[in-house]
1. For the list (1) under 18 Å from VAL129 (Cβ atoms); (2) open to solvent by less than 60 Å² (accessible area, probe 1.4 Å), I need the number of the one condition that ALA29 fails.
2. Condition first: surrounded by fewer than 14 Cβ atoms within 10 Å (Cβ to Cβ) and charged (D, E, K, R). Now tell me which residues in the range 105-122 satisfy that.
3. Write out, first by first residue and then by second, each pair whose Cβ atoms fall under 8 Å of each other, whose residues are 6+ apart or on separate chains, and whose first residue, in the range 76-103, is in contact (Cβ under 8 Å) with a residue 24 or more places away in the chain while the second is outside any helix (DSSP H, G or I) and open to solvent by less than 20 Å² (accessible area, probe 1.4 Å).
4. Among all residue pairs at least 6 apart or on different chains, which show Cβ distances below 9 Å where the first residue, located in the range 111-131, is touching a residue at least 60 places away in the same chain (Cβ under 8 Å) and the second is open to solvent by less than 50 Å² (accessible area, probe 1.4 Å) and β-branched (Val, Ile, Thr)?
5. Could you tell me which numbered condition PRO78 fails, if it satisfies all but one of (1) open to solvent by less than 70 Å² (accessible area, probe 1.4 Å); (2) outside any helix (DSSP H, G or I)?
6. If I filter the range 81-104 down to residues being of a type in the set (A, V, I, L, M) and part of a loop (DSSP other than H, G, I, E, B), which single residue comes out as surrounded by the fewest Cβ atoms within 10 Å (Cβ to Cβ)?
7. Only one residue in SER32, SER114, SER2 is hydroxyl-bearing (Ser, Thr, Tyr) and within 19 Å of SER139 (Cβ to Cβ). Which one?
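The values are calculated or read from the model by the stated rules, or taken from the named source; none is laboratory data. None of these values were measured; they are calculated from a predicted model. Cβ sites come from the backbone with ideal geometry, for glycine too, and all protein chains shown count toward neighbours. Side chains included, ligands, DNA and RNA excluded: accessible areas come from the protein's heavy atoms. Shrake-Rupley method; radii C 1.70, N 1.55, O 1.52, S 1.80 Å.
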Amino acid sequence: MSLKNLLEQELLKSMKTKDEVRRNALRLAISSIKLVEIEIGGELDDTTTFGILQKEIKIREETIAEAEKAGRLEMIPPVQAEIAIIKEYLPKEMSDEELSIIIKKIISDTGASSMKEMGLIVKNAIQAVQGKAANDRISRKVRELLA
């Protein structure tokens, strides 16, 4: 079963149990997935879906930061709950050491030696980690290793 199908089943469960926070988090995530599917004209694989879920988490983290700046602290707990719900569907985060090993292997396999090849390295690393590290974290590590 694909991750998208699992999310849809979980959405139905949350609707039956009237769990509004879970329902809202899953609805928005599924909506983002379907939007990307429409843009590319096909089904997404789980790795791409993990990336979309990571973007959803990033959006919510930015919402929390903005709420703190604006002094709207009452907005933060529901958003934190949504982040926790979305994280349930992501694989366990990869350690920095594991990520470095994978990226170093990709760099040596491709023969990359400068920042010009960063895009290629990041693309290959995203596929290699399969959602176990956020894309921005991968980019930072590639930049660090190529510098």
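1. (1)
2. As a first pass, look at the range 105-122 and keep what is surrounded by fewer than 14 Cβ atoms within 10 Å (Cβ to Cβ): 105, 108-111, 113-116, 119.
Passing the criteria: LYS105, ASP109, LYS116.
3. From residues that are in contact (Cβ under 8 Å) with a residue 24 or more places away in the chain, the pairs are LEU90/GLY131; PRO91/GLY131; GLU93/ALA133; MET94/ALA133; LEU99/ALA133.
4. Within 9 Å, the pairs are ILE126/THR47; ILE126/ILE138; GLN127/THR47; GLN130/THR47; GLY131/THR47; GLY131/THR49.
5. (2)
6. The selected residue is LEU90.
7. Details: SER32 fails: within 19 Å of SER139 (Cβ to Cβ); SER2 fails: within 19 Å of SER139 (Cβ to Cβ).
When all the criteria are applied, what remains is SER114.
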